[in-house]
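Before any comments, here is the structure.
The values are calculated or read from the model by the stated rules, or taken from the named source; none is laboratory data. None of the values given here were measured: they were computed from a predicted structure. No Cβ is skipped: glycine too gets one built from the backbone with ideal geometry, and neighbour counts run over all protein chains shown.
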């Protein structure tokens, strides 16, 4: 591969792209150096080295200079700019906005690298449908029936879209009778966008939990709350106990036979007082 064949849309962190571009150019031209690259981008060689090692970020007003130094076309330059903002984003909502912009600028082939995985986390019903397929006989012919089986109801077109997403990710496949069933594959996500995707998914499930207080009869749900006084050390211990509980619950579920309904469990541990000075 030469430098002209390096597609920035295959990267999520702009520093990974710059480091790989530098490596390729150095392989093509042994005399190529940080100074050569830095001069074109308007950056000191020592600072550029820190950027490539992920010790520093480039400033927003340097984005255009780097796009020029990388010889990027207009679309690739726009993707590079979005990638910089995504990598530097401090809030999940901001990161999500830039990541979705990056996806929109990718080619169809490149978009599939993370697009389907990211889409999995965007709607609560993807996980619910996958879990329901463990016992619900669905061959693709009656999405309305599967949609009505879920709470709240899911529209037929959303069921079809969910099945396509799950199948593209290899999370479901047809069995010998032609019904869709969950595969043994787990859900994985790239490190660059995992927190953004999980944040969206958690927001979806928390919304369902809040709506369920009024929508679901008490006999079919279990809500509990606990307000406690903790030290910083106690907080870490409680988090560990929650992780242990989740692992024990997963082992229990895997040891049981197939169920006949799908539940969503959320466990929240959040501060109700200002504790920023104690962490």
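Quick look at the numbers
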{"quantity": "Subset of region 62-77 (residues that are under 24 Å from the mean Cα position of the chain (by Cα), without any contact (Cβ under 8 Å) to a residue 60 or more places away in the chain and either over 20 Å from residue 43 (Cα atoms) or crowded, with 20+ Cβ neighbours inside 10 Å (or both))", "calculated": "75"}
{"quantity": "Tally, over region 101-115, of residues that are surrounded by fewer than 16 Cβ atoms within 10 Å (Cβ to Cβ) and at pLDDT 80 or above", "calculated": "1"}
{"quantity": "Filtered residues of region 86-100 (kept if surrounded by 18 or more Cβ atoms within 10 Å (Cβ to Cβ) and farther than 24 Å from residue 39 by Cβ)", "calculated": "86, 95, 96, 98, 99"}
{"quantity": "Test for residue 83: is it modelled with pLDDT under 90, assigned to a helix (DSSP H, G or I), surrounded by 17 or more Cβ atoms within 10 Å (Cβ to Cβ) and in contact with a helix residue (DSSP H, G or I) (Cβ under 6 Å, 6 or more places away or on another chain)", "calculated": "no"}
{"quantity": "Test: residue 170 is more than 24 Å from residue 14 (Cα to Cα), surrounded by fewer than 14 Cβ atoms within 10 Å (Cβ to Cβ) and either more than 16 Å from the chain's Cα centre (by Cα) or at pLDDT 95 or above (or both)", "calculated": "yes"}
{"quantity": "In region 120-131, residue modelled with the lowest pLDDT [restricted to those that are surrounded by fewer than 19 Cβ atoms within 10 Å (Cβ to Cβ) and closer than 15 Å to residue 158 by Cβ]", "calculated": "122"}
{"quantity": "Residues located in region 195-242, provided they are over 25 Å from the mean Cα position of the chain (by Cα), modelled with pLDDT under 90 and surrounded by 13 or more Cβ atoms within 10 Å (Cβ to Cβ)", "calculated": "212, 216, 230"}
{"quantity": "Condition check for residue 19: under 26 Å from residue 118 (Cα atoms), surrounded by fewer than 19 Cβ atoms within 10 Å (Cβ to Cβ), in contact with a helix residue (DSSP H, G or I) (Cβ under 9 Å, 6 or more places away or on another chain) and touching a residue at least 24 places away in the same chain (Cβ under 8 Å)", "calculated": "yes"}
{"quantity": "Residues of region 152-176 classified as in contact (Cβ under 8 Å) with a residue 24 or more places away in the chain, out of contact with any helix residue (DSSP H, G or I) (no Cβ under 6 Å at 6 or more places or on another chain) and over 17 Å from residue 122 (Cα atoms), total", "calculated": "1"}
{"quantity": "Subset of region 35-45 that is within 33 Å of the chain's Cα centre (by Cα) and without any contact (Cβ under 8 Å) to a residue 24 or more places away in the chain - its residue that is surrounded by the most Cβ atoms within 10 Å (Cβ to Cβ)", "calculated": "43"}
{"quantity": "Unmet criterion (only one of (1) outside any helix (DSSP H, G or I); (2) modelled with pLDDT under 90; (3) under 26 Å from the mean Cα position of the chain (by Cα); (4) surrounded by 11 or more Cβ atoms within 10 Å (Cβ to Cβ)) for residue 153", "calculated": "(2)"}
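So that you can scan it fast, the table gives a plain yes or no per residue for (1) in a helix (DSSP H, G or I); (2) in contact with a strand residue (DSSP E or B) (Cβ under 8 Å, 6 or more places away or on another chain); (3) modelled with pLDDT of 95 or more:
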site: 21; (1), (2), (3): yes, no, yes
site: 27; (1), (2), (3): yes, no, no
site: 31; (1), (2), (3): no, no, yes
site: 38; (1), (2), (3): yes, no, yes
site: 43; (1), (2), (3): no, no, yes
site: 50; (1), (2), (3): yes, no, yes
site: 58; (1), (2), (3): no, no, yes
site: 77; (1), (2), (3): yes, no, yes
